[in-house]
Amino acid sequence: MIDKQLAARVVGEVKKAVVGKDDAVVKVLLAVLSRGHVLMEDIPGVGKTTLAIAFSRALGLKYSRVQFTPDVMPSDLTGFSLYNKATGQMEYQPGALLCNLFLADELNRATSRTQSALLEAMEEGRVTVDGVSRPVPDPFLVIATQNPAGASGTQLLPDSQLDRFALRLTMGYPAPADELELLQRKLRGDAMGEVAQAADREQLAALRGEVDRVFLDDEILDYILRLVRATRSHPQLLQGASPRAAISLAGLCRAAAFIRGRDYVVPDDVKFLWVDAIAHRLVLPAGAAGSAQRAVRIAAEVLDSVRPPRLR
């Protein structure tokens with residue numbers, strides 16, 4: 001029987017390195033438990049990389065990081081075949097994606113070909129080199145970052161890739177008291193060194209199994225679908241949320257119910273995750289000013305306009 005407090009211990013360990021961003025920490029854990037990927041869109045220096053490393057330590061996951069630039073090649077991610085003179089054979093050399101938690105730093109600075117290599121791993125759980133497909137390790141999670149400002153040398157992520165991310169999160173500047181605590185911790189030493197492993201891969205698999213058993217009433221599923229369909233008919237949007245978005249949101253809601261101590265989903269779980277799970281999937285007309293912020297506002301408007309069910 002899985003320890004119900006295990007998820008809370010994982011969060012507690014991550015918070016030793018990440019100060020004052022409890023909401024982001026919890027939502028990343030929800031993505032992990034629902035087998036989703038996370039896009040962190042934020043300004044530099046607010047702790048995106050720290051968050052990813054802390055999760056890899058708390059969950060005992062093999063971690064890999066690539067700082068993306070236009071000269072990063074697909075083979076840097078997928079690996080490549082190298083001729084072994086001694087054996088006379090081509091031997092596969094694993095790339096950075098052969099890990100459990102992959103941090104794609106500033107993904108929007110990568111070329112389309114490199115982004116496509118990552119897309120295959122995210123969607124299909126495999127990499128292909130010289131016509132041979134190899135599975136990525138299980139579990140496999142991508143935390144990608146992109147900076148909303150400073151577009152020089154960047155390339156917008158295509159809609160098809162954005163749709164593969166279960167959540168888009170921002171951390172923002174810390175509150176004054178949190179920033180003071182952060183500075184004090186840094187002056188005392190390496191806060192990351194205090195993060196201990198709270199779970200292993202087998203325990204994570206067990207947690208995911210518990211999440212999969214969380215009950216989703218048909219009225220909750222109908223509520224999710226009514227919300228998703230409302231985005232598709234919104235007059236300010238060219239494209240609403242996809243069926244993949246509805247499936248991903250349902251999984252996230254199961255994870256939210258689980259860590260809140262329930263074995264069933266309620267409308268508040270949907271409301272808690274709706275904007276972060278949907279806004280990045282909404283497509284506005286080309287050239288729309290402040291598209292990301294407008295998409296967030298539209299997602300919030302849709303949430304307010306759709307009546308939740310009253311569960312008995």
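The values are calculated or read from the model by the stated rules, or taken from the named source; none is laboratory data. For clarity, every value in this text was computed on a predicted model and none was experimentally measured. With ideal geometry, Cβ positions are generated from the backbone for all residues, glycine too; neighbour counts draw on all protein chains shown.
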State whether one or more residues within segment 3-18 are polar (S, T, N, Q) and without any contact (Cβ under 8 Å) to a residue 60 or more places away in the chain.
yes
So which of Ser75, Ser116, Ser81 ends up being over 25 Å from Arg168 (Cα atoms) and in contact with a helix residue (DSSP H, G or I) (Cβ under 9 Å, 6 or more places away or on another chain)?
Ser75
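Of Ser64, Ser34, which residue is touching a Cys at 6+ places or on another chain (Cβ under 8 Å) and either of a type outside the set (D, E, K, R) or buried (at least 20 other Cβ atoms within 10 Å of the Cβ) (or both)?
Ser64
Among the residues of segment 128-149, what is the count of those that are in contact with a Ser or Thr (Cβ under 6 Å, 6 or more places away or on another chain) and under 23 Å from Met40 (Cα atoms)?
The qualifying residues number 0.
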Residue list for segment 93-107, restricted to those being touching a Phe, Trp or Tyr at 6+ places or on another chain (Cβ under 8 Å) and assigned to a strand (DSSP E or B):
Gln93, Leu101, Phe102, Leu103, Ala104, Asp105
Sole residue being in a helix (DSSP H, G or I), surrounded by fewer than 17 Cβ atoms within 10 Å (Cβ to Cβ), of a type in the set (A, V, I, L, M) and free of Cβ contacts under 8 Å to residues at least 60 places away in the same chain, chosen from Ile247, Ile278
Ile247
Given the conditions (1) touching a Pro at 6+ places or on another chain (Cβ under 8 Å); (2) modelled with pLDDT under 95, every one holds for Arg294 apart from (1)
Can you name the condition, by its number, that Leu29 falls short on among (1) part of a helix (DSSP H, G or I); (2) modelled with pLDDT under 95; (3) out of contact with any strand residue (DSSP E or B) (no Cβ under 7 Å at 6 or more places or on another chain); (4) buried (at least 19 other Cβ atoms within 10 Å of the Cβ)?
(2)
For the condition touching an Asp or Glu at 6+ places or on another chain (Cβ under 6 Å) and of a type outside the set (A, V, I, L, M, F, W, C), what is the one hit in Ser75, Ser56, Ser81?
Ser81
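How about segment 108-141: which of its residues are assigned to a loop (DSSP other than H, G, I, E, B) and surrounded by 12 or more Cβ atoms within 10 Å (Cβ to Cβ)?
Ala110, Thr111, Gly125, Val136, Pro137, Pro139, Phe140, listed by residue number.
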State whether one or more residues within segment 7-15 are closer than 18 Å to Phe165 by Cα and under 19 Å from the mean Cα position of the chain (by Cα).
no
